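What follows draws every value from the coordinates through simple rules; no lab data is involved. Small disclaimer: the values here were computed from a predicted structure and weren't measured. Here the Cβ is made from the backbone with ideal geometry for all residues, glycine too, and neighbour counts use every protein chain on show.
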């Protein structure tokens with residue numbers, strides 16, 4: 001699948017100091033790039049009430065994703081207490 005990053009996602013990454021978390025995030029991004037379908041992405045869950053918004057669980061953090069046609073758009077990367085306030 002094609003992968004694109006929103007500017008807000010990149011800003012969220014700059015606030016994260018945990019290198020092991022960033023390494024796990026990098027692995028998830030690579031998995032998303034190689035995935036042929038949504039079923040191949042672990043911990044992917046559809047957001048309730050939205051057709052094109054999903055989230056991936058990564059420990060205490062969540063990755064907010066929008067899926068349009070064959071493109072994954074990484075929108076936000078926030079702690080679980082904040083993600084549902086700011087995404088979607």
**OP:** Measure off 7 Å from each Cα along the Cα-to-Cβ vector at residue 45 and residue 22, then give the distance between these two points in nanometres to one decimal.
**Re:** 2.7
Subject >> Pairwise label distance in nanometres, residue 6 with residue 30, each label 7 Å out on the Cα-Cβ vector >> reply: 2.6
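Evaluate the relative contact order of the chain (contact order divided by residue number), counting alpha-carbon pairs under 8 angstrom at least 6 apart; express in whole percent. Numbers along the way, then the final one.
Details: 124 pairs, mean separation 28.4, N = 88.
Here the relative contact order equals 32 percent.
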Original post:
Under a GNM of the chain (C-alpha, springs under 10 Å), which listed residue has the highest mean-square fluctuation: 14, 33, 45?
Top reply: 14
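Restricting to the chain, compute how many DSSP beta bridges are antiparallel as a %, nearest 5. Can you show the working numbers first?
Values: 17 of 21 bridges.
Bridges in the chain are about 80 percent antiparallel.
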**OP:** With Cα Rg over 2.2 N^0.38 Å defined as stated, name the option among (i) 1.53; (ii) 0.99; (iii) 1.19 computed from the structure displayed.
**Re:** (ii)
Original post:
Once every DSSP H run of n ≥ 4 in the chain is given -39500 (n - 2.57) and the sum is divided by its residues, what mean residue ellipticity at 222 nm do you get, rounded to the nearest 500 deg cm²/dmol?
Top reply: -10500 deg cm²/dmol
**OP:** At 7 Å along the Cα-to-beta-carbon direction for both residue 84 and residue 14, put a label point, then send me their distance in nm to one decimal.
**Re:** 2.9
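Counting other C-beta atoms within 10 Å, which of 57, 4, 76 has the fewest, and how do the rest follow? Working shown, then result.
Values: 57 15, 4 12, 76 20.
Neighbour counts put them in this order, fewest first: 4, 57, 76.
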